[in-house]
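Here's the structure, in structure tokens; my notes come after.
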Amino acid sequence: MKLWQSQRHEAYREALAWLHQQGLSYYCTCTRSRIQQLGGFYDGHCRTLNHGPENAAVRFLQRHPVLSFTDKLHGTLIADEQLAREDFIIHRRDGLFAYNLAVVVDDSFQGVSEIVRGADLIEPTVRQISLYQQFGWKVPDYVHLPLVLNENGAKLSKQNHAPALPKGDPRPVIHAALAFLHQPEIAHWRDLTLNELLSEAVQSWSLEAVMPASS
Ligand SMILES: [Zn+2]
């Protein structure tokens with residue numbers, strides 16, 4: 001199922017209203033430069049100031065921080081404590097819903113039970129888990145796969161001017177990606193259609209074969 005976040009505003013707004021009713025959020029008018037002066041993490045300054053919504057962001061009131069979680073590939077991952085304890089933003093001052101709120105509301109709505117994504121998204125996971133817990137929703141299983149990095153150790157992205165994936169036949173890229181993840185070699189992949197290659201890859205998929213990028 002494909003969900004477009006632009007069509008999900010009603011669901012995000014409901015989630016935001018529910019958190020507000022539960023006393024699990026508050027308005028914050030602190031500037032970015034103030035938070036930079038604090039060293040990058042927010043100190044809960046506006047928790048008790050009862051600001052209204054005018055020109056304010058909404059922060060999640062973090063009463064039950066999640067300090068670690070189990071990743072199916074990496075095992076127990078310990079969170080940065082400041083990050084885990086921070087009252088993070090769930091609705092931005094400019095009106096945009098924050099990624100952590102949107103992704104939890106969408107994944108829960110779709111009944112996602114296992115989340116497989118890149119290791120660059122390990123950090124915010126504890127924030128997302130604490131949202132699941134406060135909503136009373138079932139926390140999914142997590143797998144964070146290693147990223148392909150460039151020679152400077154940065155992930156391949158538009159920001160880093162990484163070349164786009166080649167247009168046309170996607171099979172060589174899929175074959176290379178499977179090799180990067182140490183999956184069993186599909187020697188005859190050139191003789192397979194795209195769908196056949198994908199279904200063979202799914203059948204022979206081994207999470208145990210994937211090694212964390214850092215090890
Ligand atoms: Zn504030």
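In this simple spin-label approximation, Asn150 and Leu207 carry label points 7 Å from Cα along the Cα→Cβ vector, and these lie 3.2 nm apart. DSSP bridge analysis restricted to the chain gives an antiparallel fraction near 65%, rounded to the nearest 5.
Take the eigenvalues of the Cα gyration tensor for the stretch 158-209, scale each by 5, and report the square roots as semi-axes in whole Å, largest first. The partial results should precede the final answer.
On the way: eigenvalues 93, 48, 13 Å².
Here the semi-axes work out to 22, 15, 8 Å.
Database note for the chain: Cys without another Cys beta carbon under 4.7 angstrom, Cys30.
Work out, in µm²/s and without decimals, the Stokes-Einstein translational diffusion coefficient of the stretch 90-215 at 4 °C, 1.567 mPa s, Rh from Kirkwood over C-alpha pairs.
On the way: Rh = 17.3 Å.
Stokes-Einstein gives a translational diffusion coefficient of 75 µm²/s.
Residues within the reach of a label modelled at Glu114 (point 7 angstrom out along Cα to beta-carbon, backbone nitrogen below 15 Å), restricted to the stretch 171-215, are 201-210. Direction-averaged projected area, Cα convex hull, the stretch 3-46: 4.4 nm², rounded to one decimal.
Please give the FRET efficiency for Gln82 paired with Tyr132, using the beta carbon to beta carbon distance and R0 = 30 Å, rounded to the nearest 0.05. E(calc), rounded to 0.05, equals 0.90.
Legend: Rg and Dmax of the stretch 5-145, from Cα coordinates, 15.0, 44 Å.
Values in this text are rule-based calculations from the coordinates and carry no lab data. Remember, predicted model here, so these are calculated numbers, not experimental data. Ideal geometry is used to build each Cβ from the backbone, glycine not excepted, and the neighbour counts take in all protein chains shown.
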